[in-house]
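Below you'll find the structure, written out as structure tokens, and then a few comments.
The values are calculated or read from the model by the stated rules, or taken from the named source; none is laboratory data. Keep in mind it's a predicted model, so treat the numbers as computed, not measured. No Cβ is skipped: glycine too gets one built from the backbone with ideal geometry, and neighbour counts run over all protein chains shown. Heavy atoms of the whole protein, side chains included, go into the accessibility calculation; ligands, DNA and RNA do not. Shrake-Rupley method; radii C 1.70, N 1.55, O 1.52, S 1.80 Å.
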Amino acid sequence: MTSRSSALKDIEAYADLGGFVEELSRLVAYPTESQEPAARPELLRYLTEAAIPMLESMGFSCRILANPVEAGYPLLYAERIENPDFDTILTYGHGDVIRAQTDQWRQGLAPFKVIVEGDKAYGRGTADNKGQHLINFAALRAVIEARGSLGFNAKVILEMAEECGSPGLEALCSAHKDLLKADVLIASDGPRLHPDRPTLFTGSRGAVNFDLRVEYREGAHHSGNWGGLLKDAAIVLAHAIASIADRRGQIKVPEWRPTSLTPEIRKILQDCPVGGFDGPSVDTDWGEESLTPSERVFGWNSFVVLAQKSGIPEAPVNAISGWANAHCQLRYVVGTDPEDILPALRRYLDREGFEDVQILPAEWGTFHATRLDPAHPWVSRVAASVAETTGKKPVLLPNLAGSIPSKSFSDTLGLPTVWLPHSYPGCSQHAPDEHVLLPSNREALRMMTGLFWDIGEARPPPGNSTVR
């Protein structure tokens, strides 16, 4: 029987001889911008022309599932059932991408064409998330080809609306609990802590987007004739925002200050230093003063203003605008009541004298916070395999700093969730010049092949397995 080391050599050849970049190029070529209505046909085309043929060639049965909330965002379900007594692994990915921002990419690059420069492969979706689920699919294929079977059952859910807040995913999971029944979710999204450190995380921070808006009157009025007589919406809004967080960004809304940064979580985060990679320097004088940078981003909440406007910034005039608007976001960890986030802000602003400030929930962009106990047996099992393959102690994060739809799997399906990200913090995710590091992806291909091999290792020989 083919050995584990042979399977790893095969996946190394796939990376080294250009197979990975070739397949990634085919996936990236689909302009699956889920936030653009005109791109909706590309979402289904990605599933039917790219994902399904790849999975069917590996012995998976596939079917398109209608989105129960947004009809234009289909989902793909695939399964390879070898033996009902085997462990069943559910994996997840998303084939949609953020807006292309074509005119902002560096000269020589294009969002829907993979361009390799040195150890980087550029293209929209290379990091988020086409490259990541391709790595996992390729690793499954490598094990099947080497062993003749997986040695476990595999299920796949691939959605096409994650960049719009995953509308319909939770409802679909709720409606198809039996279909999606599994022992664990093992999936990939988000960045590693550092490019050269394999990383596991067991949940994610949640996110709530909302607008703060002040409206006093229609139109604008001459600043000379009316200055000092009319309330300035922009100034009122600026003071309201300043009341929410102080000058170093420390949150002042009591209900937004979490209770879940326990001594156990703080001990885990001691091994998770942030910064030191190709990206901006960490501002150590920003955020909760009593916490380390790692505790601030993985164990605490953060309030940010994503966009702000009053008047006509591109062509200002000498007039007092009657309105001001700020699009804001709270990233939050478990220990924060998601149902009370905006009501708590309303109570706080009223106490501070900002009854004039409206709070308008965003139509999309809400994720719930999740966190699996880092001591869970599946976490230990995955970590041991990763360490064996890479020769490195993997970073264990209690949750991703960003937000992903982990709640659909952890809460709705009741699964332990173990995430193994394959990108890195400097990948320009959600920005022009998105890219992946090919050496990190090569390690990820080996890591996932080793993991899938190990999960199926203590199983009956292939002759006792049947795929259905």
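The criterion of being at negative phi, open to solvent by less than 30 Å² (accessible area, probe 1.4 Å) and among the small types (Gly, Ala, Ser) does not hold for Ala375. Could you check the range 299-323 and list, in sequence order, the residues that are within 21 Å of Gly227 (Cβ to Cβ), touching a residue at least 12 places away in the same chain (Cβ under 8 Å) and part of a loop (DSSP other than H, G, I, E, B)? Of everything in the range 299-323, those that are within 21 Å of Gly227 (Cβ to Cβ), touching a residue at least 12 places away in the same chain (Cβ under 8 Å) and part of a loop (DSSP other than H, G, I, E, B) turn out to be Ser310, Gly311, Val317, Asn318. Taking helices (runs of 4 or more DSSP H) as the structural unit, those lying wholly within the range 1-90 and holding at least 2 residues that are more than 26 Å from Ser149 (Cβ to Cβ) and either touching a helix residue (DSSP H, G or I) at 6+ places or on another chain (Cβ under 9 Å) or without any contact (Cβ under 8 Å) to a residue 40 or more places away in the chain (or both) correspond to 19-28, 40-45.
Please specify each residue of the range 404-438 satisfying the condition of being of a type outside the set (A, V, I, L, M), farther than 19 Å from Lys113 by Cβ and assigned to a loop (DSSP other than H, G, I, E, B). Selection gives Pro405, Ser406, Gly414, Pro416, Pro421, His422, Tyr424, Pro425, Gly426. Only residues that are at pLDDT below 95 and of a type in the set (Ser, Thr, Tyr) were counted across the range 142-181, and they come to 1.
Within the option set Pro377, Pro421, being closer than 28 Å to Glu82 by Cβ and touching a Lys or Arg at 6+ places or on another chain (Cβ under 7 Å) holds for one residue only, Pro421. Among the residues of the range 324-348, which ones are in a loop (DSSP other than H, G, I, E, B) and of a type in the set (A, V, I, L, M)? Correct list: Val333, Val334.
In the range 3-11 there is no residue matching the filter, namely being open to solvent by less than 20 Å² (accessible area, probe 1.4 Å) and either modelled with pLDDT under 95 or among the hydroxyl-bearing types (Ser, Thr, Tyr) (or both). Looking across the range 390-403 at every residue that is in contact with a Phe, Trp or Tyr (Cβ under 7 Å, 6 or more places away or on another chain) and part of a loop (DSSP other than H, G, I, E, B), the one that is surrounded by the fewest Cβ atoms within 10 Å (Cβ to Cβ) is identified as Ala401. Within the range 234-251, the residues that satisfy the criterion of being without any contact (Cβ under 8 Å) to a residue 24 or more places away in the chain and assigned to a loop (DSSP other than H, G, I, E, B) are Asp246, Arg247. Among the listed residues Gly224, Gly228, Gly275, identify the single one that is surrounded by fewer than 19 Cβ atoms within 10 Å (Cβ to Cβ), of a type outside the set (S, T, N, Q) and at pLDDT below 95. The unique qualifying residue is Gly275. A single entry from Glu82, Glu42 fulfils the requirement of being open to solvent by less than 30 Å² (accessible area, probe 1.4 Å) and among the charged types (D, E, K, R): Glu82.
When the range 192-210 is filtered for residues that are under 15 Å from Trp419 (Cβ atoms), in contact with a helix residue (DSSP H, G or I) (Cβ under 7 Å, 6 or more places away or on another chain) and open to solvent by 10 Å² or more (accessible area, probe 1.4 Å), nothing remains. Once the range 410-426 is narrowed to residues that are open to solvent by less than 10 Å² (accessible area, probe 1.4 Å) and modelled with pLDDT of 95 or more, the residue that is farthest from Val282 (Cα to Cα) is Thr417.
Yes or no, residue by residue, for (1) closer than 26 Å to Val334 by Cβ; (2) assigned to a strand (DSSP E or B):
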| site | (1), (2) |
| --- | --- |
| Asp350 | no, no |
| Phe354 | no, no |
| Ile359 | yes, yes |
| Glu363 | yes, no |
| Ala375 | yes, no |
| Ser380 | yes, no |
| Glu388 | no, no |
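Among the criteria (1) surrounded by 16 or more Cβ atoms within 10 Å (Cβ to Cβ); (2) farther than 19 Å from Cys164 by Cα, the one Leu17 does not fulfil is (1).
Filtering the range 332-363 down to residues that are touching an Asp or Glu at 6+ places or on another chain (Cβ under 9 Å) and of a type in the set (Ser, Thr, Tyr), which residue is nearest to Ala307 (Cα to Cα)? Filtering the range 332-363 for residues that are touching an Asp or Glu at 6+ places or on another chain (Cβ under 9 Å) and of a type in the set (Ser, Thr, Tyr), the one nearest to Ala307 (Cα to Cα) comes out as Tyr348.
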